[in-house]
Structure formats: C-alpha cells, structure tokens
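What follows is a short report on a single structure.
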Amino acid sequence: MEGPELWTVEGQETNVRFRRAFHDKLGVNQVIFVFCDDLLKKVYELPWFEKWSSELDELLDNIGLRKHQVIRCLLAKLPVGVEIPVHHDTGLWATKSHRVHVPISTSPQDGPESNQVVFKCGYSDSTMERAAFCQGDVIELNNRAKHMVKNNWDRDRIHLILDYVDDEDALIRRVLASGQMVDQTRRAIYVDGESDDMPPSENIPQLDKKERSTRGVALMKQVMSHGVMSQQEFVQACRRFRDGECLEQEYLMMLQQAIGKENMIKAFFKLGLPLLLTDAERRLTLQRAFDEYIGPKSFLIIGAMKCGTTSLYDYLTQHPDVMSCRQKEPHFFDWKWDTVNAFQLDQRTQEKSAKLLMKIGLNPSNVTLQKFLTTFEIQNADSIIGEASPSYFVGGSTVAKRVASVLPPSTKLVVILRDPVARAWSHFQMTKDVDCTPGQRARRGEVAGKSFKELLMEDLDLIRQADETIVSNPKMCDLATFQTEYLDKLPQGHGSHSYFGRGMYALQLQQWFSVFPIDSFYFIRLDSLSKSVQGEMSKLFASLRLSEFTLQDEQPKNTRSYESMDDETKAWLQKLYQPHNEYLAEILGDQFIF
C-alpha cells in the first residue's frame with residue numbers, strides 16, 4: 001500500500017489501531033508492525049507484520065536478524081515543522097535491546113539545519129552533536145543517550161525504526177487481530193476488550209513533591225544506617241526502578257538485602273513506598289509486587305456449602321502457622337458486613353491490631369482489616385490468617401468486591417467442590433436434621449416439612465424469574481442479571497435456601513472472576529480430598545507457602561448418615577445440572593467434570 005492513506009485510521013483498518021499519547025500529541029504518524037511493553041513482559045505482533053513480511057524479511061536478512069528477535073518495529077512519519085524534544089528511552093526493554101534506524105525518506109544530511117531534518121544525540125543536553133541519518137543507511141543508535149529530532153525540511157520525514165534483542169527465547173509473543181484497539185501508557189500496554197490487559201483503577205493517593213522528598217530522605221537514612229549500600233548505590237537503584245529498568249521484585253530484593261525483610265515491610269507501610277512514585281501504574285505494580293513478594297498472608301475458604309469446607313478448614317488450622325478464627329464461619333463479608341462497618345474499635349485494640357498486621361505483612365492502616373483480625377486467635381506474627389464461610393461463594397461479585405477492599409491481592413481463595421447433585425441432597429439432609437442447636441432449628445424453621453423436590457422447585461422458580469437462560473443455557477445468561485436479580489436477593493442469616501443455585505458452580509465462579517484473576521483461586525474436589533487427605537493438604541500448604549506439615553487428625557468433620565436419593569429425582573437433577581457441569585469443565589478443565 002502506498003500514498004497518504006497509509007497513515008490514516010481508515011488506511012490501517014486491517015491493522016491494529018495503536019494509541020500512544022505522547023507521539024499522538026506531537027502529531028507523529030506511525031505504522032506499527034511489532035511492539036512490546038516497557039517491562040518486556042509481552043511482545044505484540046500486529047497483522048501487518050505478516051502482511052509486509054516480504055519487505056521486512058529482506059531487511060532483517062540483510063541485517064542478520066531473525067523475526068522473533070524483533071521487539072519493536074514501526075514506520076514513523078515526522079511531519080514538517082514537528083520536533084521530538086530531547087529525551088532518552090527508559091524501561092527494561094531499552095536496557096535489553098538494540099535500536100536501529102533506517103531512513104526511508106529524509107533530507108540530504110549535509111546542508112544547514114534551517115532546511116534539513118536534524119538529528120542530534122549525546123551524553124547530556126550540553127554535549128549533543130548532530131548526526132547524519134542518510135537515506136537508505138542502516139544506523140544503530142544508543143537510544144538510552146540523549147537524542148532529539150526536528151524536521152525543518154519541506155517534506156515529511158519517514159524512518160523505519162527497529163528494536164531487537166540478542167536472545168528471544170524468554171519472550172512471550174502475542175499476535176493481535178485486525179480491528180483491536182491498543183493503548184500504550186507510560187509503562188504498560190492495554191489491549192481493548194481483554195480483561196487481563198485492562199488498566200487497574202488508581203486507588204492510591206498521590207503525594208506532593210515535598211512530602212515525597214521527605215519520605216525519600218527518611219528511606220535513604222534507614223538504608224544508610226545499615227551500612228550495606230552506599231548512598232550512590234541506593235540512588236542509582238532507585239533511579240533504575242523509577243525508569244522501569246529493573247522489575248519490582250528486583251527492587252524489593254535490593255531493599256530487603258539493604259535493611260532486612262522486617263524493616264522493608266515497615267518501610268513499605270510507614271513510608272508508603274508506592275507513594276514515592278509519581279506514575280500511577282508504577283505505584284500499583286509495586287504494591288502488587290510487594291504483596292506477591294512476601295507471599296500470601298491470608299486465605300478464605302469461600303465454598304461451596306456442603307462440599308467439605310468444615311473438614312478442609314480443620315485440616316488447614318492444624319498447621320502451626322495458620323491462625324484459627326474464633327468461629328469457623330464468621331460471615332464477616334456477607335451476613336455481618338453491615339454490623340462490621342457500623343461498630344468502632346477502641347483505640348487500644350486498633351493499635352494492637354495495627355502493630356500485629358505490620359508484623360504479618362498486611363496493611364496496618366486498613367481499619368476493616370483491623371476488625372477482621374480481631375476474629376482470630378492470635379498465635380504468632382509469622383502466621384497466615386484465614387476463615388471459612390461457604391456462603392461467600394453464593395454471594396458472588398458483591399461479596400468478592402468487599403473481600404478485595406479489605407484483603408490483599410495475594411489472598412488465596414480456596415474453593416472445594418463436589419458433584420452438585422450430591423451437594424444438593426446433602427444440603428437438604430442438613431436442613432431437615434432436627435439434631436441441631438436451638439438457633440439452627442429456628443433458622444431452618446421456614447423449610448421444615450417441605451420435601452426435597454418442593455425446595456428445589458422453589459429455588460428454580462426464583463432463578464427462572466430472574467432469567468430463564470440461567471438454568472437452561474448458563475453460558476448465554478446475563479451475568480449482571482444473575483447477580484442482581486438472584487444472588488443479591490437471597491436471604492442473609494441462614495443457609496436454608498438455594499438448594500439448586502449453589503450447585504451452579506460456573507456462574508458463581510464467573511462472578512468472582514470479575515473481581516479476582518483465576519490465579520487467586522485454589523480448586524479442590526471433595527472426592528480427591530477424601531481419597532488422600534495428607535496428599536491434597538500438602539499441595540494446599542505449598543500453595544499458601546506454608547512449610548510441609550503432617551496432619552494429626554485426618555477424620556472428616558460435620559458429616560451425617562442419611563438415605564440415598566431416589567433414582568428418578570437424581571436423573572432429573574443430573575439433566576438440569578448437565579450444562580452447568582459442562583460450563584465448569586470448560587473453565588477449570590476436565591479434572592472438574594462431574
């Protein structure tokens with residue numbers, strides 16, 4: 001394709017629209033073939049990388065490069081009169097790659113600056129010198145040095161710009177489809193319509209320059225007092241991190257080596273390390289990296305009801321490094337949520353909770369988290385906290401958002417599942433059992449005397465009133481309707497409801513996935529746990545970064561004996577659950593086929 005239409009949105013409709021705020025503001029036009037994010041986590045191949053392969057392959061062959069070495073490749077048109085000011089490229093990608101320019105259309109390079117395309121580079125602003133970028137040459141540029149370009153020519157300047165790495169083996173490459181929209185921000189790339197690539201919302205306040213400086217000096221003094229690093233080494237490390245030339249984990253490791261892990265945790269919370277950064281994305285990524293660096297310090301067994309949550313929690317709390325909740329099902333994030341927000345901790349309890357949270361590695365200033373801590377039997381500061389309220393699962397995104405507002409992103413959400421038909425029958429047997437406490441008997445009173453089929457039909461009617469497709473075609477139902485018209489309307493304060501709905505595992509998971517990524521979850525089958533209690537618990541201990549531990553008691557908890565379900569009802573339920581089970585297997589894999 002040739003001509004001016006090449007540079008228009010319409011002319012590139014079979015490519016991917018790439019928005020780059022700084023370049024777009026200057027008016028630099030681009031045709032992008034390959035691009036990477038600043039931290040070199042992903043390399044994106046755009047459709048035209050293949051479309052222009054004959055032209056690009058010839059160039060790469062002449063330079064001696066393989067296509068998979070290329071991390072950025074684009075045509076850049078600098079309009080008449082436009083200047084790209086003095087700058088140097090930063091980011092991890094810039095430290096790992098070589099920059100090549102191939103001038104396609106440019107002015108003669110031996111004339112006066114007043115009517116030429118002028119390119120200058122140097123160590124600093126004052127030492128910059130003009131460099132000749134002649135048409136057809138292949139020029140390697142140290143783009144980490146200062147450089148600038150201004151088009152004083154009477155025509156647009158066009159360069160092919162190419163960045164490549166020596167070793168491409170570790171790169172993750174993605175091929176984008178025509179029509180997608182891509183945004184490049186300061187440190188990341190976001191692909192329109194893909195949830196994994198959506199920019200996180202900014203929820204960390206930004207400090208003014210004076211306060212950032214004060215906290216930065218305090219951190220420097222702390223580092224200097226330990227004598228492990230010199231001031232120059234520390235400043236250089238901070239600059240490399242600020243410019244995206246080292247990853248968050250590397251920076252945190254440096255801090256830990258300089259002042260120790262406990263002091264690093266204190267510095268993170270007391271000085272607010274993310275607040276020292278002016279870039280919103282970097283603040284968020286540092287906070288998340290810290291959370292991952294110190295490992296999961298909290299977990300929730302969120303469900304499902306009558307799938308073995310009591311046994312699972314008992315096995316977990318046998319581990320010496322797990323703080324036991326005073327009540328297995330505190331319902332902190334669902335039934336008790338309004339009460340939790342209403343009451344105030346006294347100052348002594350607040351200070352004690354904040355101090356312990358700091359030692360554990362959790363945010364000491366989160367008041368709701370301070371309240372959550374009071375529900376635990378405190379053992380030691382190296383412990384992990386967690387509880388088991390299986391009603392959270394059926395709370396969906398409403399409960400998930402509450403959890404996300406209190407607990408850190410590294411929180412492990414444990415989900416244990418069983419055949420939904422067996423789950424429903426066990427649920428019924430529990431609620432009709434008269435051998436229970438007076439409080440339980442009172443809460444279950446509204447279902448007393450009703451048959452299993454009657455309770456199922458009542459629940460199915462409620463679901464169908466919300467949206468008929470929820471039952472018959474769960475993949476096609478509207479998830480927002482499922483949440484607002486069914487899950488949000490369920491009773492609070494007892495579990496004698498949702499006999500069918502609680503077994504629609506895939507739809508409930510989708511509500512949680514709208515808030516937490518799938519790698520936040522740990523999934524287990526009840527039958528697998530029953531067959532090998534120690535084996536399955538060892539896997540879970542490892543996921544929580546807990547030491548290996550031999551259980552002292554492997555007996556199942558909260559079990560009862562009851563008769564089998566009749567074959568007709570069982571077959572009817574199996575048919576109803578079939579699309580839900582198939583949907584679950586699509587999400588979690590064949591190991592969760594029921």
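The values are calculated or read from the model by the stated rules, or taken from the named source; none is laboratory data. Quick caveat: nothing in here was measured; it's all calculated off a predicted structure. All Cβ positions, even for glycine, are placed from backbone atoms using ideal geometry, and neighbour counts span all protein chains on display.
Quick rundown of the values:
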read-out	value
Positions within the stretch 341-361 being over 27 Å from the mean Cα position of the chain (by Cα) and buried (at least 18 other Cβ atoms within 10 Å of the Cβ), in sequence order	353
All strands (runs of 3 or more DSSP E) inside the stretch 7-49 with 1 or more residues being of a type outside the set (Val, Ile, Thr) and free of Cβ contacts under 8 Å to residues at least 60 places away in the same chain	29-36
Unmet requirement for residue 559, which otherwise passes all of (1) farther than 30 Å from residue 478 by Cα; (2) at pLDDT 95 or above; (3) in a loop (DSSP other than H, G, I, E, B)	(2)
Count - residues of the stretch 262-320 that are of a type in the set (Phe, Trp, Tyr) and surrounded by fewer than 20 Cβ atoms within 10 Å (Cβ to Cβ)	1
Search result, residues across the stretch 480-530 that are part of a helix (DSSP H, G or I) and more than 21 Å from residue 464 (Cα to Cα)	512, 513, 518, 519, 520, 526, 527, 528, 529, 530
Helices (runs of 4 or more DSSP H) completely within the stretch 335-444 that count 2 or more residues being under 30 Å from residue 268 (Cα atoms) and modelled with pLDDT of 90 or more	337-342, 347-360, 367-373, 391-406
Tally, over the stretch 64-86, of residues that are over 21 Å from residue 164 (Cβ atoms) and either surrounded by fewer than 18 Cβ atoms within 10 Å (Cβ to Cβ) or in contact with a His (Cβ under 7 Å, 6 or more places away or on another chain) (or both)	8
Test: residue in the stretch 356-378 that is closer than 30 Å to residue 263 by Cβ, in the same structural domain as residue 545 (by TED's automatic domain parsing), small (Gly, Ala, Ser) and in contact with a Cys (Cβ under 9 Å, 6 or more places away or on another chain)	no
Residue in the stretch 492-507 that is more than 15 Å from residue 588 (Cβ to Cβ), in contact with a Gly (Cβ under 7 Å, 6 or more places away or on another chain), assigned by TED's automatic domain parsing to the domain that holds residue 415 and buried (at least 16 other Cβ atoms within 10 Å of the Cβ) present	no
The stretch 221-254, subset surrounded by 14 or more Cβ atoms within 10 Å (Cβ to Cβ), of a type in the set (D, E, K, R) and free of Cβ contacts under 8 Å to residues at least 12 places away in the same chain, residue farthest from residue 91 (Cα to Cα)	250
